[in-house]
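The block underneath contains the structure these notes are about, expressed in structure tokens.
The numbers here are math on the coordinates, done by the rules we state, and not lab data. In this text the structure is predicted, and so the values were computed from the model without any measurement. Here the Cβ positions follow ideal geometry from the backbone for every residue, glycine too, while neighbour counts run over all protein chains shown.
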Amino acid sequence: MHRYDVTSPGKCGPPVLSYLVVEEHADYMKPIFSRGPSLQLRLFLAVIVAIAIIIADSRVSSFTQIRNYLDTSVSPFYFLANGPRQLLDGVSDTLASRQQLELENKALRRELFLKNSDLLMLGQYKQENARLRELLGSPLRQDEHKMVTQVISTGTDPYTDQVVIDKGSANGVYEGQPVISDKGVVGQVIAVGQFTSRVLLICDASHALPIQVLRNDIRVIAAGNGCTEDLQLEHLPGNTDIRVGDVLVTSGLGGRFPEGYPVGVVSSVKVDTQRAYTVIQAHPTAGLQRLRYLLLLWGADRKGEMPMAPDDVHRVANERLMQMMPQVLPPAGEMGPPAPSAQNTTPASGSSESAAQGSASRSRGGQN
């Protein structure tokens, strides 16, 4: 190391600062990092060591224990490092599970609501199915041509009792065609359109229907008094063998309604002693205030068939009566008094048959 004093050469000038210059020789300078082996040599040594460890691990069992000890000692660090991630995953899963549960709950509530509404409709469908089964089984002839129809409107005129059905001339419906329900006679077609028809009910004041008593075959005429009133049996003498609870069926006279279909049940019998005739009323069995599904019948004359024998009609009508309307038959204790003697029933039958012919013309006039 050498020192040099540098001074200014003037006598009268300002003082001159002296600088110390230090010079170091290169021989005294040492590098910070000493130069070691080359990188290629280091890589080669590392590969050799790795191969040796692999061979030793596969052949020496102590390496397995060492590895297990190392894994055991390091495992707490694994759990510690994995803790925050598990915590975040748990929170996110909780939130996602809550949202998923809310969505599933809403979906299940919606599905339950729809299922409950379907169950309500299922009950209605069962009732409709039962009514349709009864309706299809109501004809006396099982092979009789028939067609199910539905009431789509009721008459707007308060002085007439009519309904409109969804079948017309396109379906083969004709004027005068008989219409029944699963409980009994409903009426007859009086007007036919292409796709709809109008039916006059048996309770209409202009309608009259030839009927007979199922118990003793007395033939009478049942006239309508409006659907709020019972049917009235006309032209009956005071000694007519008809009592409360007697079942009335179609007689087949007039050629419109087939024989043997239930019409009504006698509800009251009043004898007028002064005028020597009987006032009898019958409640319709068809439920004319609750009509929905009806059945159109095609008469035997339009199919070229022979009418049924009276004994067959009586037998089938009794069987059908027990199937169709057991609820309208009164108990045995509520039946009317015993029938009069047979000698009193003959004139009633004769007068009823003559009255049936006159009233049949009334029915045809009423539908026009």
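Report the charge-dipole magnitude of the range 146-324 in Debye, nearest 20, computed about the Cα centre from +1 at each Lys and Arg Cβ and -1 at each Asp and Glu Cβ.
260
What percent do you get for the relative contact order of the range 146-324 when only Cα pairs under 8 Å and 6+ apart count?
22
Given H placed 1.01 Å from N in the peptide plane, which residues other than close sequence neighbours of Y277 have an amide H under 5 Å from its amide H?
G238, D272
Sort T196, T154, T273 so that the residue with the fewest other Cβ atoms within 10 Å of its own Cβ comes first and the one with the most comes last.
Ascending number of Cβ neighbours within 10 Å: T273, T154, T196.
When the distances between all Cα atoms of the range 231-292 are binned every 5 Å from zero, what whole-number percent does each bin get?
Per 5 Å bin, starting at zero, the Cα-Cα P(r) for the range 231-292 comes out as 4, 17, 22, 22, 18, 10, 5, 1, 0 percent.
Kirkwood Rh over Cα pairs of the range 146-324 into Stokes-Einstein at 20 °C, 1.002 mPa s: D in µm²/s?
Value of D from the Cα-based Kirkwood radius: 129 µm²/s.
Express the Stokes-Einstein translational diffusion coefficient of the range 213-259 in µm² s⁻¹, to the nearest whole number, given a Kirkwood radius over alpha-carbon pairs, 37 °C and a viscosity of 0.692 mPa s.
Calculated translational D: 275 µm²/s.
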